[in-house]
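Working notes, beginning with the structure itself.
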Amino acid sequence: MQDLRNSTAFVTGGASGIGLGMVRAFLDSGMRVVVADVRPDHLDAAAEALDAGDKCLFVELDVTDRAGMGRAADAAEEAFGPVHILCNNAGIGMLGDIRLVGYDDWDWCLGVNLGGVVNGIQTFLPRMLAHGRPAHIVNTSSIGAICPGPNGVPYLTAKAAVIALSDTLRADLAGSNVGVTTLIPGPTATRIHEVAALRPERFARTGLKPIEDRLAAGPIFTGGIPPETVGTMVRDAIVAERPYVVTHGAFRPFVEAHFAQILDAIPPATEQEAAALAAMMAGSLADLAGTAS
Ligand SMILES: NC(=O)c1ccc[n+]([C@@H]2O[C@H](COP(=O)([O-])OP(=O)(O)OC[C@H]3O[C@@H](n4cnc5c(N)ncnc54)[C@H](O)[C@@H]3O)[C@@H](O)[C@H]2O)c1
């Protein structure tokens, strides 16, 4: 999407942190923005801080609510016309050893951090393909998904899935009017530590409560980059049609070490195996892809 002026973005988790950084960058580029967020207090604070008049619509939305997502898309179109940019950014942080994690943690974390992205795509992609104008989807992952460590099994499971989802989505949409960018942020100064305030009553059974209560007192790390920096990186990547935004250079050695382990595990291919793979790509897989078109 080369010209963002007068187009419309829909940003989930848009009332705080990285989402709000994207909202600011889009407004600076002359766009209209729908700010969707589950926390009314974040929406009120964002509305006051942005003071964007009729360029912004604020919508209370839980991204796990599929019918609600459809209603929010209708409201966006009613206010601003077709949506050109969708940022599936809403997420909850979840830190803690796997021995403290229960089914409620899995269901909540995968529901928001992966399910929210799925719901955004299922709701908005058909509308984007139907309006046919240049459009773009941005999905927020995490640097931890490509250099995994301890204490985040459900969180990084969801964030790794967002990378796979986005890669496959990009391949399916190649040649269409819809581009796809995966945002892979490192530490950013946001309110992600306020996770306890977000945990719904129906997911209350958890061994992570002491950690979430500790986080409610304030962030456990300082020195994160400003969310506005991330928002600008995302805006520029959309314009340049870049597939990935990785915010931090300092993680390169850890990412390289992770992928080196996978590369090291790949055995040399025999000629016969390579020929069989080439035949499979050209034959049955190509046939299958052509079946529905
Ligand atoms: N801050 C970091 O260091 C960092 C690093 C890597 C990835 N991320 C990812 O960036 C994204 C944004 O997080 P952030 O750091 O800006 O945190 P944040 O808490 O400041 O902002 C997230 C926003 O999402 C909203 N939200 C949470 N659950 C929601 C739901 N079910 N439906 C709708 N809105 C919901 C929150 O109310 C909040 O306003 C998340 O996906 C997070 O996992 C953050």
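The values are calculated or read from the model by the stated rules, or taken from the named source; none is laboratory data. From a predicted model like this one, the values you see are computed outputs, not experimental measurements. Because the Cβ atoms are built from the backbone with ideal geometry, glycine has one as well, and the counts that use them run over all protein chains shown.
So here's what we get for this one:
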| quantity | calculated |
| --- | --- |
| Residue among Ala130, Ala75, Ala145 that alone is surrounded by fewer than 17 Cβ atoms within 10 Å (Cβ to Cβ) and without any contact (Cβ under 8 Å) to a residue 40 or more places away in the chain | Ala130 |
| Pair list, Cβ < 7 Å and 6+ apart or interchain, from the stretch 24-40 residues that are of a type in the set (S, T, N, Q) to residues that are crowded, with 22+ Cβ neighbours inside 10 Å | Ser29/Arg235 |
| Criterion: within 13 Å of Arg127 (Cα to Cα), modelled with pLDDT of 95 or more and of a type in the set (Asp, Glu) - qualifying residue of Asp74, Asp54, Asp44 | Asp74 |
| Those helices (runs of 4 or more DSSP H) lying entirely in the stretch 206-265 with at least 1 residues touching a residue at least 40 places away in the same chain (Cβ under 8 Å) and exposed (fewer than 15 other Cβ atoms within 10 Å of the Cβ) | 227-240, 252-264 |
| Residue match in the stretch 142-165 (condition: assigned to a loop (DSSP other than H, G, I, E, B) and under 22 Å from Leu86 (Cα atoms)) | yes |
| Some residue of the stretch 10-20 being in contact with a His (Cβ under 6 Å, 6 or more places away or on another chain) and assigned by TED's automatic domain parsing to the domain that holds Asn88 | yes |
| In the stretch 166-201, the residues that are within 11 Å of the ligand (Cβ to nearest atom) and in a helix (DSSP H, G or I) | Glu194, Val195, Ala197 |
| The stretch 76-94: number of residues that are within 11 Å of the ligand (Cβ to nearest atom) and either under 20 Å from His131 (Cα atoms) or out of contact with any His (no Cβ under 9 Å at 6 or more places or on another chain) (or both) | 7 |
| Long-range neighbours under 6 Å by Cβ, at least six apart or interchain, first residue within 16 Å of Asn89 (Cα to Cα) and aliphatic (A, V, I, L, M) within the stretch 104-127, second in a helix (DSSP H, G or I) and away from the ligand (no atom under 12 Å from the Cβ) | Leu114/Ala161 |
| Conditions (1) farther than 20 Å from Val255 by Cβ; (2) exposed (fewer than 15 other Cβ atoms within 10 Å of the Cβ): number failed by Asp104 | (2) |
